[in-house]
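Structure first, then comments.
What follows draws every value from the coordinates through simple rules; no lab data is involved. Just so it is clear, the structure is predicted and the values come from calculations on it, not from any experiment. Glycine gets a Cβ as well: all are built from the backbone with ideal geometry, and neighbour counts include every protein chain shown.
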Amino acid sequence: MEAILAKYIPEQAVAPCMELIAGNGVHLKIVSKRQTRHGDYRRMPDGRHMITVNAGTNPYRFLITLIHEIAHLVAFERFGRAIKPHGKEWKHTFQQLMLPFLRPQIFPQRLLPVLAHHFKNPKASSSTDSVLALALAHYDQRESAVQYVYQIPEGGKFRWNNGRVFQRGVQLRKRFQCMDLATGKLYLFQPHAEIEPL
C-alpha cells in the first residue's frame, strides 16, 4: 500500500498517511475520476472503514481529499454517527488531522497561505472554495491547457463537461450566471468550473 500511495501524494506525506490509514483500520480504494466528488467514506456492513479517493495527477488535491475522508471516520468514531457530516465536529477533526501536513516539506510555499486560510473554516469540498480550487489547479498535470468559466468573456460561449453549450453572463458575487443555449435556462457556475471555450 505504501508504494501505491507514494504515486499519488508528496513523498514526505506517505509515512504519516500510512499511520492514519493503519491506525484507523482504513481500506483505501483509488478509483477513476468522478465528476461529482473527489472521495468518500463509508462504514461497511461488516464494520470495515472504506475510503475511496479519485486517482489523479495532483498530489496535493489527493492528500487533502484523503485526510478529508479520514476526518469523517475519526469524527464519527469520536462523536457518534448523529453528527452532521460537515459540521463543527468534522471541521475541528479535519483541522487537527491536516495540521501536521501544512508545512513546506509537503506543500509548495505558495499554496501554504491559501491552505491556512481554507483551514480556518474548512468547506465540505475543496472545490467549493474557489480560491483554493484555482490554487490547486496550478498543480494539475494535464496534456492540454484547461480553461475556466472566469476566463471566458461575458457573452462568450462554452461547452460544459456534459456536452451542453452555455453563454456566460454576469458575475453574481462569486459565481457566474450562464444560460443554457438549448433551453434558455440560467445556471450558476463556480469561477473555477472547467470548460471548453467555443
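For a straight C-alpha distance cut-off of 20 angstrom, the lysines reachable from K84 (same-chain residues fewer than eight places away being disregarded) are K120, K123.
Looking at segment 12-79, none of the GluC sites (Glu not before Pro) sits in a DSSP loop with at most 15 other Cβ atoms within 10 Å of its own Cβ.
Kindly provide the helix-only [θ] at 222 nm of the chain, computed as the sum of -39,500 (n - 2.57) over DSSP H runs of four or more divided by all residues, to the nearest 500 deg cm²/dmol? Could the numbers behind the result be given before it?
On the way: 6 runs with 64 residues, N = 198.
Calculated from helices alone, the mean residue ellipticity at 222 nm is -9500 deg cm²/dmol.
The trypsin sites (Lys or Arg not before Pro) of segment 42-145 that meet both conditions, a loop assignment by DSSP and at most 11 other Cβ atoms within 10 Å of the site Cβ, are R48, R81, R110, K120, R142.
The fewest-to-most ranking of H92, H68 by surrounding Cβ atoms within 10 Å reads H92, H68.
Residues considered: T57, T183, T65. Largest GNM mean-square fluctuation over the chain, using C-alpha springs under 10 Å, is found at T183. Alpha-carbon geometry of segment 68-153: the Rg and the Dmax are 15.2, 48 Å, given in that order.
Rounded to 0.05, the FRET efficiency of the D140 and A82 pair, given R0 = 41 Å and the Cβ-Cβ distance, is 0.65. With Cα atoms as the point set, segment 147-197 shows a radius of gyration and Dmax of 9.4, 26 Å.
Considering only DSSP beta bridges where both residues belong to the chain, give the percentage that are antiparallel (nearest 5).
Working: 21 of 27 bridges.
Percent antiparallel among DSSP bridges in the chain is about 80.
Couplings 3J(HN,Hα) for segment 177-192, derived from phi with the Karplus relation 6.51 cos²θ - 1.76 cosθ + 1.60 (θ = phi - 60°), are 7, 10, 9, 6, 5, 7, 10, x, 6, 9, 10, 9, 10, 5, x, 9 Hz, where x marks Gly and Pro.
Fraction of C-alpha pairs exceeding 28 angstrom in the chain: 33 percent, rounded to a whole number.
What percent antiparallel are the DSSP beta bridges of segment 23-72, to the nearest 5?
Working: 5 of 11 bridges.
Just about 45 percent of them are antiparallel.
Legend: residue pairs K7/K91; K7/K157; K7/K174, Cα-Cα distance threshold 29 Å; pairs beyond threshold, K7/K157; K7/K174.
For the residues I9, I83, I21, what sequence is obtained by ranking on other C-beta atoms within 10 Å, fewest first?
Values: I9 24, I83 16, I21 19.
Placing the least packed residue first, the sequence is I83, I21, I9.
So between Q109 and R42, what do we pick up on full extension, going 0.36 nm a residue minus the alpha carbon distance? Mind showing how you got there, number by number?
Numbers: separation 67, 0.36 × 67 = 24.12 nm, distance 3.33 nm.
Net length gain for the segment: 20.8 nm.
Subtracting the Cα-Cα distance of K157 and I4 from their residue separation scaled by 0.36 nm leaves 51.0 nm. Between R175 and N121, the FRET efficiency estimated from the beta carbon spacing at R0 = 22 angstrom works out to 0.70. Which angle from 0 to 90°, rounded to the nearest 10, does the C-alpha axis of helix 88-98 make with the longest principal axis of the chain? Helix 88-98 and the main axis of the chain meet at about 80 degrees.
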